[in-house]
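The values are calculated or read from the model by the stated rules, or taken from the named source; none is laboratory data. Note that this is a predicted model, so its numbers are computed, not measured. As a convention, Cβ positions derive from the backbone with ideal geometry for all residues, glycine included, and neighbour counts pool all protein chains shown.
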Amino acid sequence: MPRFTRLIASIALLLVPLLAACGGSATSTPAATTAPTKAPTTAAASSAAPTTVATNTPSASVVATTAPTAASTAAPAGTAAASSVTTGTVATASGTLTVFAAASLTESFTEIKSVFEKTNPGVTVQYNFGGSPTLVTQLTQGAPADVFASADQPNMDNAVKGGVIAGTPQTFVKNKLVIIVPKENKAGITTPKDLAKPGVKFDTAQMSVPVGAYTQTALDNFSKLPEYGPDFKAAVNKNTVSQEDNVKAIVQKVQLGEVDAGVVYATDAQAAKDKLTIIAIPDAQNVIATYPVALVKGAKQAALGQKFVTYLLSADGQAILQKYGFAPGT
């Protein structure tokens, strides 16, 4: 029995190292396994570093791209600014243009308004028609306007003296006088001399209104002729039954037959020729009316106003004005 016991003990002693060796080998194996696992992980980490570098490299490219984009954007802006300087402060005219104009310009300026607005989209032309002295009074009292077109030089001079005109006025058209009578012509007026016949009802304008002043000058010219005599002017003035504040009022009264005759501009007579009979005044006794135009001082639409004035003086503007009976201003 003791021998058997010793045998078992010897076997046990032999197994312990073997078991220990087996246990160490098993433990080492996982360690070896862990080592390879860490190695690839480290490699992956190394790969991550290049990935970061690759990512940064495109980022730098983006920055480089952004810089040219900004420069590219700035370039067009500079180009736009250059264009603005070249074409003027306002590339496209717009807004409301206010024009004070003599009543005798009503028909021609109405057509000019249509053409001017069509060729300048966004622009609205607003007129104030009336007797030239009335318009001057309104301007000197502070009425807002951009352009003033007078039917004579004296009223434009008054506007200049009143401090409401900017720059130098320019004559853009001329006009002349004619005698008008109703279609039925009950007074039987066929010549200027008939205006002095007793009982004739004659209509004219106030002396402060251009056509009224021009009419008196024409009567003076007739009075110098032997066949008319020095009393001709006085006789016609004695027949005067009304003095209007603008030429359109004379045309209206003659059309309605309220008076027998009146003296108006050729342009006003032409505008109503279907309702009137026109009697010419010889050039030697006639008066040439000059129409000046100018910008109004402190105009809100000065640039647009100048464009309007330029159009009046242009070939196209003159063609429209001559269509209504005006003569060229030069």
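Structural remarks
- Any pair with Cβ under 9 angstrom, 6 or more apart, that starts in the range 197-208 at a residue that is buried (at least 24 other Cβ atoms within 10 Å of the Cβ) and ends at one that is assigned to a strand (DSSP E or B) and among the acidic types (Asp, Glu): 203/244; 204/244; 205/244
- Cβ separations smaller than 6 Å between residues 6+ apart or across chains give the following pairs from the range 235-253 residues that are in the same structural domain as residue 185 (by TED's automatic domain parsing) and in contact (Cβ under 8 Å) with a residue 24 or more places away in the chain to residues that are surrounded by fewer than 19 Cβ atoms within 10 Å (Cβ to Cβ) and aliphatic (A, V, I, L, M): 251/272.
- The range 212-227: number of residues that are buried (at least 16 other Cβ atoms within 10 Å of the Cβ) and under 16 Å from residue 280 (Cβ atoms): 6
- Residues of the range 149-202 that turn out to be under 27 Å from residue 320 (Cα atoms) and either hydrophobic (A, V, I, L, M, F, W, C) or assigned to a helix (DSSP H, G or I) (or both), as a count: 17
- Taking the listed residues 319, 303, the one that is more than 24 Å from residue 157 (Cβ to Cβ), free of Cβ contacts under 8 Å to residues at least 40 places away in the same chain and either of a type in the set (Val, Ile, Thr) or not in a loop (DSSP other than H, G, I, E, B) (or both) is 319, with no other qualifying.
- Restricting 311, 228, 291 to residues that are among the hydroxyl-bearing types (Ser, Thr, Tyr) and part of a helix (DSSP H, G or I) narrows the list to 311.
- Taken over the range 272-282, the criterion of being exposed (fewer than 14 other Cβ atoms within 10 Å of the Cβ) and at pLDDT 95 or above is satisfied by 282 alone.
- Hey, residue 152 under 21 Å from residue 249 (Cβ atoms), of a type in the set (Asp, Glu) and either crowded, with 19+ Cβ neighbours inside 10 Å or in contact with a helix residue (DSSP H, G or I) (Cβ under 8 Å, 6 or more places away or on another chain) (or both) or not: yes
- Boolean, residue 248 is part of a loop (DSSP other than H, G, I, E, B) and under 21 Å from residue 138 (Cβ atoms): no
- Search result, residues across the range 241-252 that are within 18 Å of residue 194 (Cβ to Cβ) and surrounded by 16 or more Cβ atoms within 10 Å (Cβ to Cβ): 250
- Filter result for residue 330 (of a type in the set (Ser, Thr, Tyr) and either surrounded by fewer than 19 Cβ atoms within 10 Å (Cβ to Cβ) or out of contact with any strand residue (DSSP E or B) (no Cβ under 7 Å at 6 or more places or on another chain) (or both)): yes
- Test: residue 256 is out of contact with any Ser or Thr (no Cβ under 9 Å at 6 or more places or on another chain) and either crowded, with 16+ Cβ neighbours inside 10 Å or hydroxyl-bearing (Ser, Thr, Tyr) (or both): no
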